[in-house]
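> Supplied in structure tokens, the structure appears directly below.
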Amino acid sequence: LIQQLGPSCGPVQHGSTTGNSRGGSPQGDVSSLPQAVVVYDWRMGKLQHRFPGHQREVTKVGCQYGSSRLFSASRDLTVLMWDLHGGDQPVQEFCGHDLVVSGLAVSPDGSQLCTGSRDNALCLWDVESGECLLKNAISRNLVTHLCWVPGGSCVVQTSEDKMVRLWDCRSLQVSSTFPPKQHIQTHCDVSNDGRYCLTCSHGFGGQGCEATLWDLRQTGSKVCEYRGHLQSATSCLFLPPSPGSAPTLATSSQDCSVRIWDQNSAGKTHTVQHSINMQCLYDPSCKITNIVASWPGSTHYSTILK
């Protein structure tokens, strides 16, 4: 479970929640306080580690399942790498962006890190050396989120220019783009099998505010839209499969709700009220253990799904 908290223990920015089954730690959930990353034992609800180091607020955090390494992006223009067993100092620093770092994604094998920024650029890093291998900037490409496609060399990226881009990290070039949406794309996720991408939209009054399912095998092919939120959808994710059940998705919104959707029918199955940012937590066997939803401030809501 990975969640960003701002100066008053609320989200730094709406939709800044990152991480999922591929990014979660099996033992702890990772939160960022102002200029620090905090790791909790989610079973006991106790603080495990606190990693100070950034000079400004943390905007994104992420990690690789099965690894003790954590990554944090910040408004101080840097990304830091931490080790749960390596003390409270960063073990690597990645410097190369000119504005706020607003996205990060770790490669499936943990050897590379892709970061995105409001400077319109993506950077590809060697995790061990901290060397910037490639950098590419596209005009007006203000990055909002990044997600590495499982088992591949591609990264999906959403942007404030309303575009969704698929990058080939072997050359850090855009391999394809999806048809532009009407509103800013705030967040993205990729299914565990790498076949589908999910994005969500900014909006207001029910205009926009939707999540969109895309087929990565036929790039640009829109499969379905999930409508029902009244304000901007700030995060979205694929929920782990349950034997004998239809695949499901989750979205959170500034309308203070988290919605669970049937992936195939776009039908809403559950709604959790009073939240903006949302994260799903599940164990290595893909059993959901928790859904955490939060509102700016210090209050958090957890619901066990059975």
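> For 93, 128, 160, what's the largest-to-smallest order of accessible area, 1.4 Å probe?
If we order 93, 128, 160 from most to least accessible, we get 128, 93, 160.
> Let me ask something else about it. In this model, which of 135/181; 181/222; 60/181 are farther than 21 Å apart at the alpha-carbon?
135/181; 60/181
> If I ignore ligands, DNA and RNA and count only protein heavy atoms, how much of residue 204 is accessible to a 1.4 Å probe, in Å² to the nearest 10?
We get 130 Å² for residue 204.
> Another question about this same structure. In what sequence, largest accessible area first, do 122, 134 appear using a 1.4 Å probe?
Reading off the accessible areas and sorting them downward yields 134, 122.
> Leaving ligands and nucleic acids out of the surface, order 195, 56 by accessible area at 1.4 Å, largest first.
Sorted by accessible area, descending: 56, 195.
> Count the net charge of all other residues whose Cβ sits under 10 Å from the Cβ of residue 102, scoring Lys and Arg as +1 and Asp and Glu as -1.
Taking every Cβ under 10 Å from that of residue 102, the sum is +1.
> Residues with beta-carbon under 12 Å from that of residue 123, excluding residue 123: net charge, scoring Lys, Arg +1 and Asp, Glu -1?
Values: positive: 135; negative: 98, 119, 126, 131.
Surrounding charge for residue 123 is -3.
The values are calculated or read from the model by the stated rules, or taken from the named source; none is laboratory data. It should be emphasised that the depicted structure is a prediction, and the values quoted were computed from it without experimental measurement. Cβ coordinates were reconstructed from backbone atoms using ideal geometry, including for glycine residues, and neighbour counts include every protein chain displayed. Surface areas here come from the heavy atoms of the whole protein model, side chains and all, with no ligands, DNA or RNA. Shrake-Rupley method; radii C 1.70, N 1.55, O 1.52, S 1.80 Å.
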